[in-house]
1. Once label points are set 7 Å from the Cα along Cα→Cβ at both A:SER195 and B:VAL145, what is their separation, rounded to one decimal in nm?
2. Note down the nm distance, to one decimal, between modelled labels 7 Å out along Cα→Cβ at B:GLU41 and at B:GLU121.
3. Tell me the accessible surface of B:TRP60 in square angstrom (1.4 angstrom probe, heavy atoms of protein chains only), to the nearest ten.
4. What percent does the relative contact order of the range B:7-89 come to when contacts are Cα pairs within less than 8 Å and at least six residues apart?
5. Divide by every residue of the protein assembly as shown the summed helix terms, -39500 (n - 2.57) for each DSSP H run of at least 4, and state the resulting mean residue ellipticity at 222 nm, rounded to the nearest 500 deg cm²/dmol.
6. Estimate for me the total accessible surface buried between chains A and B (protein heavy atoms, probe 1.4 Å, no ligands or nucleic acids), in Å² to the nearest 100.
7. Given a Förster radius of 51 Å and the C-beta distance between B:LYS395 and A:GLN45 as r, what FRET efficiency does 1/(1 + (r/R0)^6) yield to the nearest 0.05?
8. Provide the gained length on full extension for the span A:GLN292 to A:SER267, in nm with one decimal, where the gain is 0.36 nm per separating residue minus the Cα-Cα distance.
Amino acid sequence: MDFDLSEEQTMLKDSVERLLADQYGFEARKKHGAGKAGYSDRMWQQYAELGLLALPFAEEDGGIGGGATETMLVMEAFGKALILEPYFASIILAGGVLRHAGNGEQKAALIPAMAEGGLKIAFACAEPQGRYDLFDVETTARKDGDGWVIDGKKALVLHGDSADKLIVSARTSGNARDEDGISLFIIDADAEGVSRNGYPTQDGLRAAEITLQSVKAGPDALIGSKGTAWPVISRVADEAIAALCAEAVGCFEKMHELTLEYLKTRSQFGTTIGSFQALQHRAVDMFVELEQSRSMTMYASMLATGDDAVERARAVSAAKVQIGESAKIIGREAVQLHGGVGMTMEYAIGHYFKRTTMLDILFGDANHHLKRLAQLDGLIREDS
Amino acid sequence: MDLRFTEDELAFRDEVRSFFRQALPASIRDNIVAGRHTSKEELVTWTRILHDKGWAVPHWPVEHGGTGWSPIKQYIYLEEMSQAPAPAPLAFGVNMVGPVIYTFGSEAQKNRFLPRIATLEDWWCQGFSEPGSGSDLASLKTRAVRDGDHYIVNGQKTWTTLAQYADWIFCLVRTDPEARKQSGISFLLVDMKTPGITVRPIQTIDGGHEVNEVFFDDVRVPVENLVGEENKGWNYAKFLLGNERVNIARVGVSKERIRRIKELAAKQRVGGERMIDQPEFREKVAAVEVRLKALEMTQLRVLAGEAKREKGTQDPASSILKIKGSEIQQATTELLMDVVGPYAMPYQPEEAIDGRNEPDIGPDWASTIAPAYFNTRKVSIYGGSNEIQKNIIAKAILGL
Ligand SMILES: Cc1cc2nc3c(=O)[nH]c(=O)nc-3n(C[C@H](O)[C@H](O)[C@H](O)COP(=O)(O)OP(=O)(O)OC[C@H]3O[C@@H](n4cnc5c(N)ncnc54)[C@H](O)[C@@H]3O)c2cc1C
């Protein structure tokens, strides 16, 4: 067993952290978020130059061939800086679909462009009625000549409003909540019949509700084989959850750091509030949650890329439960220990609280994953 | 011992309930149910309705417009009001400065201010906290220097709730910088229109504007606006802070919230079934209900004991009310987050919704839930943080 990072991994971590320390302070972040897209295209180009946009893709597809650990390191750094760019939406999610199910032509056409920063894709996998069940697909794709016609509604499509293309899950057979019969299609985001209603989310990022009305897709739009997308979707979602956990750990780390700083500098009753034992213990509780979350994130990152779907699901759900619970505890304590300033937009801490609250929700909250884990008989079994 | 309400109390409850049902404007009610803020106009309208009924300030002495109800009846009244649900009267006037004025103020102050508090003709705000003085309130630095018939006030208050609407602010100011910190403080009433006052909004994490900074730059305040004696302000402030016992636990508000949670959970589908039909969800709600019932009984014990207690002494159990009450309010907002699920994510501030024709994103009840979750973190911070409450209990009650 080895928890140490390789030399390359350490270099990757350092270079991302250096970039963000330099260009993504709290004030700079406000500027990055001010434009229409809600994030900075300039930062996006810098991520491209650092190779981050190519990171998870295989070398033969134009990527760098990074694995789960590399993704974890990058997402953690992004969490610390609370970045607004669609790295998770485009590179992890949509990129994940292409990695696992794209054919040679699709990869060749899309991945190099993504890696260079010129192409962003959003993954429209959730629907308004489906809550956290990504197999709850009512959107349909009908055969039309040698292509397809897609109709339906997609919900909470992360950065769907600024994406150039969309990967859409649609039903080609079966009933609304069947796992079988789901297919994936890639379409232009401004194709005829696509309407996108973009909006900010609570954490300052963006998403869109998307309506698809008789949207025509060519024969080459199908990703993977017809009707068998569910294993791809669930695998991409599991890997994505591991990435979200890493982002959360980055946020937690920063929340703990900001709170410690505050305890050491805020003075009441003639002394720093960090000298009160009642508050020291609370800072310790936060630290415990942070470290437990970090451990579970490593565990999930390790197992999320495995081929055993059940093993993967258990690990990822377990980590998401830990992250969700820690998000509540760390968020609550961080705001409380800051007193009134924890409640304001002017201070960073509240923004981290909001982002980690959304990270609990994304791809299933702690309740959802606790239930999923329990249905899979938990982590400690006769055969484990 | 009989823990049930008496016949008389039950009849009173029915009377209050049916009055609220008939008198509360539907639009105000619907706003509260939906978790939206009550506007200034709505609160004024509602206060006038209560005033016409003679119920605007039931807990005040009868000569100033009170009703003479027992503490239990006052509690029933507030409970019914929060469950109507109707907006609570503006606490800064009726619960804070009003009682200070009728207890310590001059006759002139009573005549001038009390009637206008009861009708909400004057909107009051509370100028206690300062950037450097939150929990350690007695360290406050805002200075008032006597100059003939006036005090000249310089300094800064912060976290001043709804100062943007206020006609008046009651302030703690330092009048004797030489004295021990609690002893040099006075209680001043300041007209917000006085030259030299500047209000700057502070946006809270939910996106709302409810708190402000208030700056005082050579603000001249007539000496007649001093409450009680100079340098005795700390006593009046302690009286004010210790006064709020009838409704501090917000039991009615949490009850209303739990009914709302159940109503929404019956609309929400999870994995093909109604959320309210999921045992694990029902158990989570029930667990909060248990805590709330315990709090309600503690609250009633405190109130029932009030009449028999020596004036100025407190039931030790009363210290629990703020801590548990705030924790339970926060727990109900967490349950609402569980109910709404992913549609907590879109940020749709109230103003944007008011001026917009498109339908809401997600269910039409979803948009207020995450903001309420974020905003409700405040209840364990303000009014004496929960840590400060625990310090008080440890010292004053447990003798540690
Ligand atoms: C939404 C909101 C509305 C408000 N409205 C008003 C208003 O209208 N008027 C007004 O005057 N004020 C108002 N306040 C201010 C409020 O009363 C203060 O925020 C509160 O007293 C805490 O002070 P602080 O924010 O300076 O935190 P600090 O006092 O700096 O406290 C920071 C942290 O340290 C803890 N702490 C401090 N001392 C101790 C100790 N001895 N032992 C253990 N822990 C300790 C606190 O509990 C807190 O967790 C409002 C606050 C908020 C958030």
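1. My value for the distance between the label points is 6.6 nm.
2. In this crude spin-label approximation the distance works out to 2.2 nm.
3. Rounded to the nearest 10, the figure is 10 Å².
4. On the way: 72 pairs, mean separation 30.0, N = 83.
Reported as a whole number, the value is 36 percent.
5. On the way: 24 runs with 355 residues, N = 784.
Rounded to the nearest 500, it is -15000 deg cm²/dmol.
6. Values: alone 17320 and 19750 Å², together 33160 Å².
The buried area between A and B, both sides summed, comes to about 3900 Å².
7. Numbers: r = 59 Å, r/R0 = 1.15.
Once rounded, the FRET efficiency stands at 0.30.
8. Working: separation 25, 0.36 × 25 = 9.00 nm, distance 3.02 nm.
Length gained, A:GLN292 through A:SER267: 6.0 nm.
The values are calculated or read from the model by the stated rules, or taken from the named source; none is laboratory data. Note that this is a predicted model, so its numbers are computed, not measured. Heads up, the Cβs are rebuilt from the backbone with ideal geometry, glycines too, and the neighbour counts pull from every protein chain shown. Heavy atoms of the whole protein, side chains included, go into the accessibility calculation; ligands, DNA and RNA do not. Shrake-Rupley method; radii C 1.70, N 1.55, O 1.52, S 1.80 Å.
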